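Participant: Before we start, here is the structure in question, set down as structure tokens.
The values are calculated or read from the model by the stated rules, or taken from the named source; none is laboratory data. Everything numeric here is computed off the predicted structure, so don't read it as measured data. Glycine gets a Cβ as well: all are built from the backbone with ideal geometry, and neighbour counts include every protein chain shown.
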Amino acid sequence: MILQFFSGFLNAYILSEHKVFMRRDEVEKLLDRSRKFKNAAEFHFSRGDYDLAAFNIEQSLQLFLKAKLLEKGVEFPKTHTLRKLFLLLGEILNKPDEFKKFSNEKALEFASLEDAYITARYFPRDFEREEAERLFDFVKEVEELIGRAFN
């Protein structure tokens, strides 16, 4: 009976540890993909392909947010809405007011990135150089805010 209890406990522990390692691996893969999308965005920007730069920087931020949620042990929702992912992360980090304020102040930037995701896939839309530059700056701000919130 005692042996059976310890056997069950050991199996549960091994499964739990395995899940933690899988999560870390998944977080690293998402962060790596996020970096690759950012690199692709910079490449397209350098060529003057601002619509593709905007799409790739949106993908980079989306994967970054999902990785950070997963890093905190939260299964991210099946959504592509950056604002929802960002606000959920703010709740998880116990900083909902700070994240909500930032989201309100940067509503146009969130909307523009979400627009980049949709238009790249379904509708032709041109992005101007200045708009793409603002989106790069915005993503940097988001990453910095999240970095500070994690510390």
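Participant: Run down 133, 75 and say which single residue is of a type in the set (Asp, Glu), surrounded by fewer than 16 Cβ atoms within 10 Å (Cβ to Cβ) and modelled with pLDDT under 95.
Facilitator: Of 133, 75, the one residue that is of a type in the set (Asp, Glu), surrounded by fewer than 16 Cβ atoms within 10 Å (Cβ to Cβ) and modelled with pLDDT under 95 is 75.
Participant: Filter the stretch 82-104 for residues that are of a type in the set (S, T, N, Q), within 24 Å of residue 70 (Cβ to Cβ) and surrounded by fewer than 17 Cβ atoms within 10 Å (Cβ to Cβ) and give the result.
Facilitator: Within the stretch 82-104, 94 is the sole residue that qualifies.
Participant: Considering 63, 69, 52, which residue is outside any loop (DSSP other than H, G, I, E, B), of a type in the set (A, V, I, L, M) and touching a Lys or Arg at 6+ places or on another chain (Cβ under 6 Å)?
Facilitator: Going through 63, 69, 52 in turn, just one is outside any loop (DSSP other than H, G, I, E, B), of a type in the set (A, V, I, L, M) and touching a Lys or Arg at 6+ places or on another chain (Cβ under 6 Å): 63.
Participant: Can you tell me which residues in the stretch 98-130 are at pLDDT below 90 and not in a helix (DSSP H, G or I)?
Facilitator: Scanning the stretch 98-130 gives 123, 124, 125, 126.
Participant: Let me ask you something else. Looking at 111, 107, 120, which one is over 15 Å from the mean Cα position of the chain (by Cα) and surrounded by 14 or more Cβ atoms within 10 Å (Cβ to Cβ)?
Facilitator: 120
Participant: Then there is this: Output yes when any residue across the stretch 75-82 is touching a helix residue (DSSP H, G or I) at 6+ places or on another chain (Cβ under 9 Å), under 25 Å from residue 29 (Cα atoms), assigned to a helix (DSSP H, G or I) and among the β-branched types (Val, Ile, Thr), and no when none is.
Facilitator: Checking the stretch 75-82: not a single residue is touching a helix residue (DSSP H, G or I) at 6+ places or on another chain (Cβ under 9 Å), under 25 Å from residue 29 (Cα atoms), assigned to a helix (DSSP H, G or I) and among the β-branched types (Val, Ile, Thr).
Participant: Can you tell me which of 119, 79 is β-branched (Val, Ile, Thr) and farther than 22 Å from residue 67 by Cα?
Facilitator: On inspection, the qualifying residue turns out to be 119.
Participant: Separate question: Among the numbered criteria (1) modelled with pLDDT under 95; (2) in a helix (DSSP H, G or I); (3) surrounded by 13 or more Cβ atoms within 10 Å (Cβ to Cβ), which single criterion is violated by residue 24?
Facilitator: (3)
Participant: Would you say residue 36 is in a helix (DSSP H, G or I) and either at negative phi or of a type outside the set (Val, Ile, Thr) (or both)?
Facilitator: yes
Participant: Can you pull out the residues in the stretch 44-65 that are surrounded by fewer than 23 Cβ atoms within 10 Å (Cβ to Cβ), touching a residue at least 24 places away in the same chain (Cβ under 8 Å), over 22 Å from residue 76 (Cβ atoms) and not acidic (Asp, Glu)?
Facilitator: Answer for the stretch 44-65, where residues must be surrounded by fewer than 23 Cβ atoms within 10 Å (Cβ to Cβ), touching a residue at least 24 places away in the same chain (Cβ under 8 Å), over 22 Å from residue 76 (Cβ atoms) and not acidic (Asp, Glu): 45, 48, 50, 52.
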